[in-house]
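These notes concern the structure reproduced below.
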Amino acid sequence: MALFTFKLPDIGEGISEAEIVGWHIQVGDRVEEDQPIADMMTDKATVEMESPVAGVVVRLAGEPGDQVPIGSMLVEIEVEGEGAVAPSPSEEIIEAETPGASVAEEEADAMTVPDPAQGGVQAEGAEHAPADTGPRPSPKHGATEQPILASPAVRARAKELGVDLSQVKPAADRVRHADLDAYLLYGAGQGYAPVGRSAKRADETVKVIGMRRRIAENMAASKRHIPHFTYVEEIDVTALEELRAQLNAGRGERPKLTMLPLLIVAICKALPDFPMLNARYDDEAGVVTRHGSVHLGLATQTDAGLMVPVVRDAQDRNIWQLASEIRRLADAARSGKAKSEELSGSTLTLTSLGPLGGVATTPVINRPEVAIIGPNRVIERPVFRGKEVVAAKLMNLSISCDHRVVDGWDAASFVQAVRKLLETPAFLFVD
């Protein structure tokens, strides 16, 4: 027998270490070649590592939450043969798996973008579950084996809790955190409690690791370093909603329009007069970079937490191109195919809770950007038109800014410019 040392390969430019999110194996397990063995978290995505050899696991690098330097031992496997084997750190890289995204808008039929400091909503095309990579339960006699679909984050949590995923009843196509919560609440083998019945829930200790830890660190750094201020304005989107309905009625094979593409067009048309908002601030160097192109981040809720896929050069895209790109990014994130470059480099972020948007929000800035925009839900209310009272569709628009870079007057003036475009939507299509 020989000892094979699998070293953590270089899994991205500039990456010096990766965090163990979860193991698919334990010491003493037999693994086969190409079998998933671990989920490793970098700054940008979760990477699924696979075993390059078959054998018996004799040592693991650490526990979930531990950092492993590139080139150091990840797993030691006892293989058949003589002499120790140690592969180069440049082993084949496994395709990055990004936790599934729930992105969408108030109709829940396109991409939704949630508040970084709050929860998220669903998205069109969001039912594409990532390929299952964990162990399968043995099929019962006379039954066909069914795969258990769950994200790496759900698998890691279930493993920590000692829950057999085959015993958890999913509410939809795959096991999610909510399904685990229901299983823990109502007890193993008891299913979901009938309506009206309450059950005492045991305390649960959850280790903050992986994506959730990165989110916690980023949000804390943003609030610690950036003096936020938030401005909120009410916008009458009655005409805009009528236009959107007309465009959708004749869209043909094109994706259904939500509010997001129209809002993005308005933002991009208003930004040239307010370049300080489309900027990034390097506070250590004392340099503000005002960007000519709008690379719009879409704060997106996923099973593992917040992610921000980026619409590149949003100012050059029309509403249909924006709708298609939003859907593509949603599908890429949901299926675990989002690339690291699609999750970085934003110059301004848009965040929304869709139908959960409330009256107003105070979104947290995506550092090192200097502003974040948050549309709230559309509500029909009575308003005065002259001396008459009529029904109107109203939406509050929030913007949080870095007061070191952006003055309150500029933020308010920008929102008023966006308001003018949205309330008279013909302006969206006039140069």
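Quick one: work out Rg over Rh on the C-alpha atoms of region 249-365, Rh as Kirkwood radius. Write out the running numbers ahead of the final one.
Values: Rg = 15.0 Å, Rh = 15.5 Å.
Value, to two decimals: 0.97.
Under the rule of at least 5 residues apart or a separate chain, name every residue whose amide H is placed under 5 Å from the amide H of Val58.
Gly28, Glu76, Ile77, Glu78
With r as the distance between the Cβ atoms of Lys420 and Arg385 and R0 = 22 Å, compute the FRET efficiency 1/(1 + (r/R0)^6) and round to 0.05. Don't jump to the answer; show the numbers that get you there.
Details: r = 18 Å, r/R0 = 0.82.
Calculated value: 0.75.
Calculate, in nm to one decimal, what Arg404 and Ala2 gain on full extension: separation in residues at 0.36 nm each, minus their alpha carbon distance.
Details: separation 402, 0.36 × 402 = 144.72 nm, distance 6.01 nm.
Extra length available between Arg404 and Ala2 comes to 138.7 nm.
Whole-Hz ³J(HN,Hα) for each residue in region 424-429, computed from phi via Karplus 6.51 cos²θ - 1.76 cosθ + 1.60 with θ = phi - 60°, x for glycine and proline: what do you get?
With the stated coefficients, region 424-429 comes to 10, x, 4, 5, 5, 10 Hz.
Sequence-distant or interchain residues sharing an amide H contact under 5 Å with Val237, placed H: which?
For Val237, the qualifying residues are Lys393, Leu394, Met395.
Roughly what percent of Cα-Cα pairs across region 211-429 reach past 33 Å? Don't skip to the answer; put the middle values down first.
Numbers: 3397 of 23871 pairs.
Percentage above 33 Å: 14.
None of the figures in this text is laboratory data; all of them are computed from the coordinates on show. Quantities reported herein were computed from a predicted structural model and do not represent experimental measurements. Cβ sites come from the backbone with ideal geometry, for glycine too, and all protein chains shown count toward neighbours.
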